[in-house]
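The values are calculated or read from the model by the stated rules, or taken from the named source; none is laboratory data. Being a predicted model, the structure only gives us computed values, none of them experimental. Note that we place each Cβ from the backbone using ideal geometry, even for glycine, and neighbour counts take in every protein chain shown. Heads up: the accessible areas ignore ligands, DNA and RNA and are worked out on the full protein's heavy atoms, side chains in. Shrake-Rupley method; radii C 1.70, N 1.55, O 1.52, S 1.80 Å.
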Amino acid sequence: MRNEVAAIAREAGELAAAHFARLPSLRVEEKGPLDLVSEADRDVERLIARRLAESFPDDGLLGEEGASRPSRSGRTWVIDPIDGTFNFLRGGANWAVSIGLHEDGRPSFGAVFAPRRDQFLIGGPGAGAMINGAPLPRRPAFEASVAVVGVGLHPAIPVDDQMAALRFIAETAGIASRNTGSAVSDLIDVATGLVDGYLGLGISSWDLMGVLPILEEVGIGTTLDWDSVDLGGKLNLVCGPQPLLELLDPLLGSLSC
Ligand code: LIP
């Protein structure tokens with residue numbers, strides 16, 4: 001499975017990069033306020049869905065841009081063809097292809113490829129975790145006095161909740177924050193240690209399914225209770241080492257969204 005999924009993620013990233021090289025001519029539509037989709041997203045998702053269906057014909061599919069296929073195996077591949085579409089369409093580097101396997105009710109394996117950042121991660125619980133072909137090291141112990149968290153706030157989240165989240169991080173937790181505009185990029189930054197963790201509000205399962213299993217393998221957890229996660233719904237979560245989850249978890253219970 002590893003080799004097949006790696007090859008599909010690579011091919012998808014290369015197709016996305018080819019579209020990125022001709023940005024001005026891409027057709028772009030608005031899905032909603034501050035939410036864009038381009039022919040690149042759709043083309044890359046079609047490729048991933050086709051390749052996954054060829055390799056794993058009994059597995060289900062769920063994609064951000066509409067790919068959908070019922071599962072006969074109990075396993076479902078959850079796809080974000082380009083996470084960070086806004087960045088992609090503006091010529092930025094923070095975007096990635098994400099392919100994750102949902103199995104036995106939780107993320108079990110994933111591959112993410114950020115071509116413009118030259119980062120390819122693959123793995124999952126019990127399957128190892130690799131970055132660019134090398135083992136991903138476990139993160140050093142969390143130190144609150146120098147902590148920084150990536151933040152992703154979906155535009156549909158009420159502004160009061162967005163402000164409450166930023167205030168909680170700065171004032172109550174007393175830590176720094178960063179924002180790449182791509183959940184997968186933020187979570188790759190957790191893997192590489194640029195940030196200690198991630199706070200996401202209004203995040204979708206396809207933003208998370210590819211990279212969370214890789215992070216779990218190196219001891220990074222989340223506040224999500226997978227038994228109650230709706231794969232088509234919006235999620236609020238913290239991801240990080242246990243002390244960071246405990247530091248930011250009270251915020252989640254205080255929000256209206
Ligand atoms: C985006 C996320 C981003 C989040 C956005 C959106 P897309 O995914 O990665 O972090 O804040 O609301 O969901 O739409 O670029 O695949």
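Once the convex hull of all Cα atoms in segment 151-235 is built, its volume per residue stands at 103 Å³.
Taking a Cβ cut-off of under 9 Å around G152, the surrounding Lys, Arg, Asp and Glu residues balance to a net charge of -2, with basic ones at +1 and acidic ones at -1.
Taking amide H as placed 1.01 Å from N in the peptide plane, L61 has its amide H under 5 Å from the amide H of R69, W77, each at least 5 places away in sequence or on another chain. Across segment 147-190, C-alpha contacts under 8 Å between residues 6 or more apart give a mean separation that, scaled by the residue count, equals a relative contact order of 53 percent.
Counting heavy atoms of the protein chains alone, V146 has an accessible area of about 100 Å² for a 1.4 Å probe.
Less than 5 angstrom separates the built amide H of G152 from those of L199, G200, L201, all sequence-distant by 5 or more or on a different chain. Surface analysis of segment 87-164 yields an accessible area of 45 Å² per residue, using protein heavy atoms and a 1.4 Å probe. For the residues N179, N132, N94, a GNM of the chain with alpha-carbon springs under 10 Å puts the largest fluctuation on N132.
Roughly speaking, to the nearest percent, how much of the chain's 1.4 Å accessible area is carbon and sulfur? Carbon and sulfur atoms account for 50 percent of the accessible area of the chain. Report, for the chain, the % of DSSP beta bridges that are antiparallel, rounded to 5. DSSP beta bridges in the chain are roughly 75 percent antiparallel.
Let me know the shape class of segment 18-74, please: from the alpha-carbon gyration tensor, a ≥ b ≥ c as square roots of the eigenvalues, rounded when a/c is under 1.5, otherwise prolate if a/b is greater than b/c, or oblate. Since a/c reaches 1.5 but b/c is at least a/b, the shape of segment 18-74 is classed as oblate.
Residues in segment 207-255 average 38 Å² of solvent-accessible surface per residue, probe 1.4 Å, ligands and nucleic acids excluded.
Take every Cα pair under 8 Å whose residues are at least 6 apart in sequence, average their separation, divide by the length of segment 25-138, and the relative contact order is 14 percent.
Using a cutoff of 8 angstrom between alpha carbon atoms and counting only pairs six or more residues apart, the relative contact order for the chain works out to 17 percent.
The calculated Kirkwood hydrodynamic radius for segment 107-257 is 15.4 Å, given to one decimal from all distinct C-alpha pairs. Give me the angle, in degrees from 0 to 90, between the Cα long axis of helix 183-192 and the longest principal axis of the Cα atoms of the chain, rounded to the nearest 10. With rounding to tens, the tilt is 70 degrees. Counting every pair of alpha carbons in the chain, the share spaced more than 34 Å apart comes to 12 percent. Only beta bridges with both residues in segment 1-135 are counted; by DSSP, about 90 percent of them are antiparallel. Across segment 127-139, coupling constants 3J(HN,Hα) worked out from phi with the 6.51/-1.76/1.60 Karplus curve, θ = phi - 60°, read 10, x, 9, 10, 10, 6, x, 10, x, 7, x, 5, 6 Hz, and Gly and Pro carry x. Each of R72, R106, R50 has its accessible area taken with a 1.4 Å probe; listed largest first, they run R72, R50, R106. The 3J(HN,Hα) values that the Karplus relation (6.51, -1.76, 1.60; θ = phi - 60°) gives for segment 12-20 are, in residue order, 5, x, 5, 5, 4, 5, 5, 5, 4 Hz. Gly and Pro appear as x.
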